[in-house]
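Since every read-out is calculated from the coordinates, none of them should be taken as a lab result. Since this is a predicted model, take the numbers as computed values, not measurements. Positions of Cβ are generated from backbone atoms using ideal geometry, with glycine treated the same way; all protein chains shown enter the neighbour counts.
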């Protein structure tokens with residue numbers, strides 16, 4: 001998701017994305033082309049999860065942007081804290097999938113924990129992005145349920 005955002009903002013060219021797509025497809029992970037923008041470790045690419053923080057800098061006509069991609073997986077929370085502690089603003093990516101969203105915002109959920117940690121670390125600007133809407137067939141009802 002972060003790699004896709006970087007691409008859409010003009011931070012990486014189409015040719016590089018096509019290269020990642022080809023390499024990912026060769027390993028049976030074609031849908032990971034955007035993840036590979038920031039997931040450079042072999043273990044990250046093999047497991048399909050972010051383990052370490054990664055930085056990516058680019059400019060828009062109005063801003064100089066530094067993206068810090070931090071892991072969301074519970075096993076790598078220390079790395080998430082390291083990345084988040086450097087942020088002015090955070091994007092909290094939540095999963096729309098049935099059960100995934102509910103698990104994330106539950107008392108012990110990762111989404112809830114990440115939001116609380118970001119706030120505790122001084123991040124006062126938070127963008128919430130909903131991922132995996134395709135798994136709900138782009139359901140407007142599911143979207144409305146999540147944003148309540």
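A straight line joining the Cα centroids of region 122-148 and region 1-26 runs 23 Å.
Take every Cα pair under 8 Å in region 20-84 that's 6+ residues apart, average their separations, divide by the length, and report that relative contact order as a whole percent. Display every interim value, and only then the final one.
Values: 81 pairs, mean separation 14.4, N = 65.
Computed over region 20-84, the figure is 22 percent.
Sorting the Cα pairs of region 35-101 by distance into bins of 10 Å, from 0 upward, gives 19, 45, 30, 6 percent per bin.
Under a crude label model (7 Å from the Cα following the beta-carbon direction), how far is residue 102 from residue 124 in nanometres? In this crude label model, residue 102 to residue 124 measures out at 3.7 nm.
Run lengths n ≥ 4 of DSSP H only: what is the helix-derived mean residue ellipticity at 222 nm for the chain, with -39500 (n - 2.57) per run over all residues, to the nearest 500? Don't skip to the end; give the middle numbers.
Details: 7 runs with 59 residues, N = 148.
So the helix-based figure for the chain works out to -11000 deg cm²/dmol.
The ellipsoid equivalent to the alpha-carbon distribution of the chain has semi-axes of 24, 20, 17 angstrom, derived from the gyration tensor eigenvalues as √(5λ) and listed largest first. From most to least packed by mean Cβ count within 10 Å, the peptides 93-101, 11-19 give 93-101, 11-19. The label point for residue 134 and the one for residue 41, both projected 7 Å from the Cα toward the Cβ, are 2.6 nm apart.
Subtracting the Cα-Cα distance of residue 9 and residue 92 from their residue separation scaled by 0.36 nm leaves 28.1 nm.
Taking the number of other C-beta atoms within 10 Å as the exposure measure, put 43, 85 in order starting with the fewest.
On the way: 43 10, 85 15.
The fewest-first ordering by Cβ neighbours comes to 43, 85.
Estimated from the Cβ-Cβ distance and a Förster radius of 41 angstrom, the FRET efficiency linking residue 22 and residue 82 is about 0.80.
In the chain, Cα pairs under 8 Å separated by at least six residues give a relative contact order of 16 percent.
With the Cα gyration tensor of region 1-79 giving a ≥ b ≥ c as the square roots of its eigenvalues, does the rule (a/c under 1.5 for rounded; else a/b larger than b/c for prolate; else oblate) give rounded, prolate or oblate? Spell out each step's value before the answer.
On the way: a/c = 2.73, a/b = 1.15, b/c = 2.37.
Oblate, because a/c is 1.5 or more while a/b does not exceed b/c.
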